[in-house]
Every structure is written in structure tokens, then in C-alpha cells.
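The values are calculated or read from the model by the stated rules, or taken from the named source; none is laboratory data. Every value quoted in this text rests on a predicted model; they were computed, and no experiment measured them. As a convention, Cβ positions derive from the backbone with ideal geometry for all residues, glycine included, and neighbour counts pool all protein chains shown.
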Amino acid sequence: MKSAALDALAADRVLGPRYGVVIEGGVANADGGGDLGQSVNAPRLGITSPFVRLELETAHVDIGAGWDAGLGFQVGWQPMLTMAKAARSSVIPAYRDGFTTSQSFRFARASSTTETAIVGRVGASRLSLAPLLDRGSSPNQPLAIADNGIAEWALVFDAGVDFRWYVRDVWLEHLTAQTLEPLVDVHVGLRHDQRFHRAGELSEFDDPTGRLVFGFTVNPIRITDRRAGGIGNTWLTFGGGFEFEGALRGPTRLPSGFRIVLAGRLDLPRTWTTAK
């Protein structure tokens, strides 16, 4: 009976690869925020910039007791928080574009249409070498990334909880490898970012590498393959999201930052199937 059901799904173009691949692109507005001990009027340097990210997630493997496991790979170009400094001035929060790559694992447990997972990630980031200017000054004042002895590439580790709410039952999202296109995705976790290593011009901050991260995305506009027996595999979504990062502890905290994004997500295997 299960075999017959799978054959029917395959005939209706529902089944596909055993992995999910999406490319996400859009516009992000990012800005540094204040923190304890900082004035809300303290200088900071934001950015509005396009971004792009490619993400792959493997098939989920049942590991028993209602849990499953999967791996993920991510690479992208996006705004990232850093600390900048002009000549004879204090360090200020700034965003600039950079390259990031990472690998992740997730242990998830599902209900009917939702999935909660413990997620860990290890990766590296590299900021753009393009000149950074304070466009709020006249004339535009050149800024340098705060010197703390870290090389161009810096490691990043994080762990947290990820919650996904799908438009279909979770078993079908797993079967069709569409776990990267939830209707709602919420995450919260802790991050170690070596770019903020406590040394040099960042030595005044308490535990600057420790970060608290929270964010969510919502993708309500969804384009589906109507030929898939009415089940509706999604191949393109549009939506937005928000992400905040802040210091974990200490009286002298590294400033926080946030990003607001508008983006579209294209399912590459489904787009290829739909185009046939």
C-alpha cells in the first residue's frame, strides 16, 4: 500500500530529489543598535544592501523516539555586523557586506505541521575589503575595521533552537525535500563570533565574542506547481524577516545590531522540474 501511494505521488510530480536546495535573494536593511550603558544617539553606521544565499539540506534520517537528523550547508554574501573606527575616534557599530560559509546539523522532532529542532553550526566569514565610509559626515569620513588581531577569515560557532511551521504535513515536506520553505521560521541561540575577539581596539568590551541571536522569517506569498495533483509543491516564495544579535553579558557590552530583510526563495530542483 505504501509503495502504491509513493508511485501515485511520483506520477503526480510530487516526489523529487532527496535533498532540498534553495537560493535566496533580496534586500537587507541593517543597523547597529545601542546596548546597556550606551546612548540611543550614539554613532552607528547602517547599510541597505542586496544579499544572496544558497542553502542545501539533506534528507532527514529517523534516529528513533520521534526524532530525526539532517545536515545543512550554507554559503552567501550578506551584511554583517562589525566594529569600525575613524582616526582619533571611539569604536562604533557598523554593517558591511561579507562572505559567509557554514555547515550545520539538526536534530528535529515534528508534530503535524510544525517541527522543532536543536541546531548547531560551524563556519567562517570574511568581510569585504571595499572602503568603508561614514556617509553621515561631511565630507564622508573613511573608517577602518577595528583592529583586534584577527585575520581576514574568522570562525563562527553557534547553537540554538529552530522552529518551523509548514503549510503541509511535516511527513510530506520531508518526503518532497521541501523543508527549506516553511511558512514561518523562528530561531534563537548563542553564538561565538571570532571576528569580535577581545584584543586590541576591542579589549575594552566584556566577552565580545559571545552573542545572543534571535530572528524569524515569514513567507506568505507562495507559488506552487499546480500540476502536482493539487498537493502543491512550492517552487518560489516571497516574504520578509528580522534578526537581532546582542551581547551576552558584562557591564561594557559590545553593541548590538539588527537586520530587516525582504526576500524571495527559489527552490532549484522544483524549478527545474516545473520547467520541463
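Is there any pair with a first residue in the range 46-68 that is under 23 Å from ALA177 (Cβ atoms) and a second that is surrounded by fewer than 16 Cβ atoms within 10 Å (Cβ to Cβ) and modelled with pLDDT under 90 whose Cβ atoms are under 7 Å apart and which are 6 or more apart or on different chains, and what are they?
What qualifies is ALA59/ARG18.
Sort out which residues of the range 204-217 are among the aromatic types (Phe, Trp, Tyr) and either loosely packed, with under 15 Cβ neighbours inside 10 Å or under 26 Å from PHE163 (Cβ atoms) (or both), and write them in order of number. Working first, answer last.
First pass over the range 204-217, keeping only residues among the aromatic types (Phe, Trp, Tyr): 205, 214, 216.
PHE214, PHE216 - these are the residues of the range 204-217 that are among the aromatic types (Phe, Trp, Tyr) and either loosely packed, with under 15 Cβ neighbours inside 10 Å or under 26 Å from PHE163 (Cβ atoms) (or both).
Would you mind stating whether PRO220 is over 22 Å from ASP162 (Cα atoms) and not hydrophobic (A, V, I, L, M, F, W, C)?
Values: over 22 Å from ASP162 (Cα atoms): no; not hydrophobic (A, V, I, L, M, F, W, C): yes.
So PRO220 fails the test.
Being at pLDDT below 90 and in a strand (DSSP E or B) narrows it down to one of ALA94, ALA108, so name that one.
Details: ALA108 fails: at pLDDT below 90.
So the residue among ALA94, ALA108 that is at pLDDT below 90 and in a strand (DSSP E or B) is ALA94.
Each row is one residue, and each column tells you yes or no for (1) more than 30 Å from LEU127 (Cβ to Cβ); (2) charged (D, E, K, R); (3) in contact with a helix residue (DSSP H, G or I) (Cβ under 8 Å, 6 or more places away or on another chain).
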residue	(1), (2), (3)
ALA154	no, no, yes
GLY160	no, no, no
TYR166	yes, no, yes
GLU201	no, yes, no
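What strands (runs of 3 or more DSSP E), lying completely within the range 138-203, carry at least 2 residues that are crowded, with 18+ Cβ neighbours inside 10 Å and at pLDDT 85 or above? Before the answer, list the steps.
Values: elements: 141-145, 153-165, 184-193.
Strands (runs of 3 or more DSSP E) meeting the threshold: 153-165, 184-193.
Does the range 231-260 hold any residues that are among the β-branched types (Val, Ile, Thr) and surrounded by 16 or more Cβ atoms within 10 Å (Cβ to Cβ), and which are they? Outline the logic, then answer.
Residues of the range 231-260 that are among the β-branched types (Val, Ile, Thr), as a first pass: 231, 234, 237, 252, 260.
Within the range 231-260, THR234, THR237 meet the criteria.
Inspect all residues belonging to the range 248-270 and state whether any of them is farther than 18 Å from ARG53 by Cα and touching a Ser or Thr at 6+ places or on another chain (Cβ under 8 Å).
No, every residue in the range 248-270 fails to be farther than 18 Å from ARG53 by Cα and touching a Ser or Thr at 6+ places or on another chain (Cβ under 8 Å).
Answer yes if at least one residue in the range 46-61 is surrounded by fewer than 15 Cβ atoms within 10 Å (Cβ to Cβ) and modelled with pLDDT of 95 or more, and no otherwise.
Quick first cut of the range 46-61, residues surrounded by fewer than 15 Cβ atoms within 10 Å (Cβ to Cβ) only: 48, 50, 52, 61.
When the remaining residues are screened for being modelled with pLDDT of 95 or more, the result is 50, 52.
Checked against the condition, which is being surrounded by fewer than 15 Cβ atoms within 10 Å (Cβ to Cβ) and modelled with pLDDT of 95 or more, the range 46-61 yields at least one hit.
Considering each of ASP267, ASP225, ASP207 in turn, give the residue that is acidic (Asp, Glu), farther than 27 Å from ASP158 by Cα and modelled with pLDDT under 95.
On the way: ASP267 fails: farther than 27 Å from ASP158 by Cα; ASP207 fails: farther than 27 Å from ASP158 by Cα.
Going through ASP267, ASP225, ASP207 in turn, just one is acidic (Asp, Glu), farther than 27 Å from ASP158 by Cα and modelled with pLDDT under 95: ASP225.
Say we look at the range 57-79 and pick out the residues that are over 30 Å from LEU127 (Cα atoms) and charged (D, E, K, R); which of these is farthest from the chain's Cα centre (by Cα)?
ASP62
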